[in-house]
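*Asks:* Handing you this structure, nothing more for now.
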Amino acid sequence: MAAQETRVVTKFLRERTDDSWTFDAARTHNKAYSALEKAMGMEPAALIDEVTKSGLRGRGGAGFGTGQKWSFLPKDVFPRYLAVNADEGEPATFKDHMLIEKDPHQIVEGSIITSYAIQAHHAFIYLRGEFALGADRLQAAVDDAYANGFLGKNILGSGYDLDLIVHRGAGCYIAGDETGLLSSLEGERAMPRIKPPFPAVQGLYAAPTIVNNVETMSTVPHIVREGGEWYAGMGVNKSTGTRIFSVSGNVERPGNYEIELGVTFRELIDDLAGGVSGGKKLGFFIPGGASSPWLRAEHLDEPLDMDRAAELGTMLGSGAIMVFDETIDPVLVAWRIAKFFAHESCGKCTPCREGSGWLEKVLYRMANGLGRPDDLDLLMGFGNTISPGVTWPPGMTTICQLGPSTMSPTLSLNKYWGEEIRARLAKDADRRTTLQVASA
């Protein structure tokens, strides 16, 4: 039997494609803000316990326990803030974009519940600047929430006050790092900060801050409404619940698919996304966004499980699965990803600022028949300066993960095609020597 989606956060937006983003439709047909009404009758600590019980892990990439993160806030230190990361800039990742445009009230409700649970009175949704339609709909949802008493003073007569601000960023990848996002919110350049102190202790305006992803916020109302045990009953091992995966590349039906964690890559790619396009065979696939190491056909029957992915030397990351058929040159893909990271490096850390550019230049000549016999070894050599040990999970000489992420494509090339690429580089060198002799 072919795998099917398990729709929780995407159910409403799939059922009502014409008006799912409007207040009336969300309130009438999707029980919007009913979870908030329930939450306001609970103690904040009970909400945190319920989310912890659900096993929900952050959907932004790191996969850290959501309830556990909330519990890290120091006691009796105020003010404190919530920052919702809606900067989605990982290549081929477009799930948050869909949630923002198609069901913004779900995000707003989750943000209010989370703010109440952590007792923050100011919250921010940091939105990628290019999401123009999403910005309009998200701001309209916030305005509707204020107009109907779900935001502002004395929410639902509870005595709890909250202001929620939609802040549009300037469109840089590094703002997706939680500390880079906080720097940008404060009016600085989006550059990462050294940790510790962690944001939960000293974040926005040097106050305790929780940073959560859009999909995480969209999931919170369902957990509150149905209960943590209900959510924990889905998924596999410590990867509970459902998750949205953005499948792109050489597949018949690219798109966003919400599946119960534990479904295999084969079921997602073949059953839901229609398999490799054009009747071709799978070459390789990237399982968690451009920053994750790659997998090949022998991994198709592995489950979509965060911890199992780590055992395979990769991660589910941002939930972007990029599929490449047998005709695609992996060196060319590695160069294109390296070019992205070199462009997006903020320049704060020397290994990343310099190393990402070196990686891009060497991979460019390798992809264009200009490689030298020792180029792959050269990449692995100076990659050790960016990510000590050149392994996964990576060592770090940089403040944020962008530096080590630049090495993921090279790690994958060396792991799966090392001897083949070295032979190819030797042929490139022989061909150039022959041409030089002939032209002399």
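The values are calculated or read from the model by the stated rules, or taken from the named source; none is laboratory data. This structure is a prediction, so every number in the text was calculated from the model and none was measured. Heads up, the Cβs are rebuilt from the backbone with ideal geometry, glycines too, and the neighbour counts pull from every protein chain shown.
*Asks:* Got a sec? Which of R296, R243 is under 28 Å from I112 (Cβ atoms), of a type in the set (D, E, K, R) and touching a residue at least 40 places away in the same chain (Cβ under 8 Å)?
*Replies:* On the way: R296 fails: under 28 Å from I112 (Cβ atoms).
So the residue among R296, R243 that is under 28 Å from I112 (Cβ atoms), of a type in the set (D, E, K, R) and touching a residue at least 40 places away in the same chain (Cβ under 8 Å) is R243.
*Asks:* So how many residues does the stretch 204-238 have that are in contact with a Pro (Cβ under 9 Å, 6 or more places away or on another chain) and under 22 Å from T264 (Cα atoms)?
*Replies:* 2
*Asks:* Could you look through the stretch 128-156, keep only residues that are surrounded by 17 or more Cβ atoms within 10 Å (Cβ to Cβ) and of a type in the set (D, E, K, R), and pick out the one that is modelled with the lowest pLDDT?
*Replies:* Among those residues, the one meeting the criterion is R128.
*Asks:* Further question on the same structure: Somewhere in the stretch 140-150, is a residue among the polar types (S, T, N, Q) and within 19 Å of L73 (Cα to Cα)?
*Replies:* no
*Asks:* Restricting to the stretch 227-263, give me the number of residues that are in contact with an Asp or Glu (Cβ under 7 Å, 6 or more places away or on another chain) and of a type in the set (A, V, I, L, M, F, W, C).
*Replies:* The total comes to 5.
*Asks:* Against the condition touching a strand residue (DSSP E or B) at 6+ places or on another chain (Cβ under 8 Å), farther than 30 Å from A170 by Cβ and touching a residue at least 40 places away in the same chain (Cβ under 8 Å), how does E5 come out, does it pass?
*Replies:* Values: touching a strand residue (DSSP E or B) at 6+ places or on another chain (Cβ under 8 Å): yes; farther than 30 Å from A170 by Cβ: yes; touching a residue at least 40 places away in the same chain (Cβ under 8 Å): yes.
When the stated conditions are applied, E5 passes them.
*Asks:* Does P394 qualify as being in contact (Cβ under 8 Å) with a residue 12 or more places away in the chain, outside any helix (DSSP H, G or I) and either in the same structural domain as I174 (by TED's automatic domain parsing) or crowded, with 19+ Cβ neighbours inside 10 Å (or both)?
*Replies:* Yes; evaluated as a whole, the condition is true for this residue.
*Asks:* Continuing with the same structure: Under the condition of being within 19 Å of the chain's Cα centre (by Cα) and in a strand (DSSP E or B), which residue from the stretch 293-339 is surrounded by the most Cβ atoms within 10 Å (Cβ to Cβ)?
*Replies:* This residue is I321.
*Asks:* So I399 ticks every box in (1) assigned to a helix (DSSP H, G or I); (2) crowded, with 19+ Cβ neighbours inside 10 Å but one. Which box is left unticked?
*Replies:* Every condition holds for I399 apart from (1).
*Asks:* When the residues of the stretch 406-422 are narrowed to those that are of a type in the set (A, V, I, L, M) and under 15 Å from M315 (Cβ atoms), which ends up surrounded by the fewest Cβ atoms within 10 Å (Cβ to Cβ)?
*Replies:* So the first thing to find is which residues in the stretch 406-422 are of a type in the set (A, V, I, L, M), and the list is 407, 411, 413, 421.
In the following step, the residues that additionally are under 15 Å from M315 (Cβ atoms) were identified as 407, 411.
Working: M407: 28, L411: 23.
Here the residue is L411.
*Asks:* Select from the stretch 157-197 the residues that are outside any loop (DSSP other than H, G, I, E, B) and among the β-branched types (V, I, T) and write down the one among them that is surrounded by the fewest Cβ atoms within 10 Å (Cβ to Cβ).
*Replies:* First, the residues of the stretch 157-197 that are outside any loop (DSSP other than H, G, I, E, B): 157, 162-168, 173-176, 178-185.
Then drop every residue that is not among the β-branched types (V, I, T), which leaves 165-166, 174, 179.
On the way: I165: 12, V166: 21, I174: 24, T179: 24.
Among those that are outside any loop (DSSP other than H, G, I, E, B) and among the β-branched types (V, I, T), it is I165.
*Asks:* So, one more: Could you tell me whether any residue of the stretch 76-83 is modelled with pLDDT under 95 and in a loop (DSSP other than H, G, I, E, B)? Write out each step before concluding.
*Replies:* Our first condition is that a residue be modelled with pLDDT under 95; within the stretch 76-83, this holds for 76.
If we keep only those that are in a loop (DSSP other than H, G, I, E, B) too, we end up with 76.
Checked the stretch 76-83: at least one residue is modelled with pLDDT under 95 and in a loop (DSSP other than H, G, I, E, B).
*Asks:* Can we say G55 is touching a residue at least 40 places away in the same chain (Cβ under 8 Å) and more than 17 Å from P221 (Cβ to Cβ)? So that I can check it myself, show each step before the final result.
*Replies:* Values: touching a residue at least 40 places away in the same chain (Cβ under 8 Å): yes; more than 17 Å from P221 (Cβ to Cβ): no.
Here the answer is no, as G55 does not meet what is asked.
*Asks:* Would you confirm whether or not the stretch 100-121 contains a residue that is at pLDDT below 95 and hydrophobic (A, V, I, L, M, F, W, C)?
*Replies:* First pass over the stretch 100-121, keeping only residues at pLDDT below 95: none.
Checked against the condition, which is being at pLDDT below 95 and hydrophobic (A, V, I, L, M, F, W, C), the stretch 100-121 yields no hits at all.
*Asks:* I would also like to ask the following. Name the one entry in D103, D76, D87 that is surrounded by fewer than 20 Cβ atoms within 10 Å (Cβ to Cβ) and not assigned by TED's automatic domain parsing to the domain that holds G249.
*Replies:* Working: D103 fails: surrounded by fewer than 20 Cβ atoms within 10 Å (Cβ to Cβ); D87 fails: surrounded by fewer than 20 Cβ atoms within 10 Å (Cβ to Cβ).
That would be D76, the only listed residue that is surrounded by fewer than 20 Cβ atoms within 10 Å (Cβ to Cβ) and not assigned by TED's automatic domain parsing to the domain that holds G249.
*Asks:* Kindly evaluate E43 against the criterion of being without any contact (Cβ under 8 Å) to a residue 40 or more places away in the chain and not hydrophobic (A, V, I, L, M, F, W, C). Show your work before the answer.
*Replies:* Values: without any contact (Cβ under 8 Å) to a residue 40 or more places away in the chain: yes; not hydrophobic (A, V, I, L, M, F, W, C): yes.
Judged against the criteria, E43 is a match.
*Asks:* Now, a different point. Pairs please, first residue from the stretch 359-376 and surrounded by 20 or more Cβ atoms within 10 Å (Cβ to Cβ), second anywhere and assigned to a helix (DSSP H, G or I) and among the basic types (K, R), Cβ atoms under 7 Å, 6+ apart in sequence or on different chains.
*Replies:* From residues that are surrounded by 20 or more Cβ atoms within 10 Å (Cβ to Cβ), the pairs are E360/K339; G371/R365; L376/R422.
*Asks:* How many residues does the stretch 60-102 contain that are among the aliphatic types (A, V, I, L, M), under 17 Å from R243 (Cα atoms) and in contact (Cβ under 8 Å) with a residue 24 or more places away in the chain?
*Replies:* In the first step, residues of the stretch 60-102 are kept if they are among the aliphatic types (A, V, I, L, M); the result is 62, 73, 77, 82-84, 86, 92, 98-100.
Keeping just the survivors that are under 17 Å from R243 (Cα atoms) gives 62, 86, 92, 98-100.
Still in the list and also in contact (Cβ under 8 Å) with a residue 24 or more places away in the chain: 86, 92, 98-100.
Final tally of qualifying residues: 5.
*Asks:* Restricting the stretch 198-234 to residues that are among the small types (G, A, S) and outside any helix (DSSP H, G or I), which is surrounded by the most Cβ atoms within 10 Å (Cβ to Cβ)?
*Replies:* Just the residues of the stretch 198-234 that are among the small types (G, A, S), to begin with: 200, 203, 206-207, 218, 227-228, 232-233.
Those still in the list that are outside any helix (DSSP H, G or I) too: 200, 203, 207, 227, 233.
Details: A200: 19, G203: 26, A207: 16, G227: 14, G233: 13.
Applying the filter and picking the extreme gives G203.
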